[in-house]
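The values are calculated or read from the model by the stated rules, or taken from the named source; none is laboratory data. Only a predicted model underlies this, so the values are computations on that prediction, with no experimental measurement involved. Backbone-built Cβ (ideal geometry, glycine too); neighbour counts: all protein chains shown.
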Amino acid sequence: MRRSRVQIPSLAHYVSKVKKKFQEMPEKLREIEKRLRTLFSLWVDPQKVEQLEIKANVDERGVLVEITGPKDVLSLIIGKKGSTINAIRRIAKSIGGAVGAAIALKVNTPK
């Protein structure tokens, strides 16, 4: 009895598929940014939230959201011992489920 071989697509195949999907849909990236800004404005002054620069880039794992801004605003978002940003990461996963993407957050703090 002969077994048939199943061809498994390479990781590069999946990466190109994810990149193609999200390059065709920049409105989803804007939707992610909008929802994160709304989330941040719940406990941070909305004027301070406007100072944040939120970039959403597509990489091999899904969508990488980079947050950059003034140190005082980022300290409110990170929270004590990083507890707030960890909660935001959990919420971002559910936002990603609604939009159809795996979301990872990265906070770039100024030196």
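If I filter region 47-66 for residues that are in a helix (DSSP H, G or I) and on the phi > 0 side of the Ramachandran plot, do I get at least one hit? Taking every residue of region 47-66 in turn, none turns out to be in a helix (DSSP H, G or I) and on the phi > 0 side of the Ramachandran plot.
For region 86-104, a residue qualifies if it is under 13 Å from F40 (Cα atoms) and in contact with a helix residue (DSSP H, G or I) (Cβ under 9 Å, 6 or more places away or on another chain), and the qualifying residues are I88, I91, A92. One residue alone among E31, E53, E66 is crowded, with 16+ Cβ neighbours inside 10 Å and either of a type in the set (A, V, I, L, M) or modelled with pLDDT of 80 or more (or both), and that residue is E31.
Checked against the criterion of being part of a helix (DSSP H, G or I) and either on the phi > 0 side of the Ramachandran plot or among the aliphatic types (A, V, I, L, M) (or both), the candidates L29, L42 yield just one match: L29. Scanning region 90-101 turns up one or more residues that are β-branched (V, I, T), surrounded by 16 or more Cβ atoms within 10 Å (Cβ to Cβ), in a helix (DSSP H, G or I) and touching a residue at least 40 places away in the same chain (Cβ under 8 Å).
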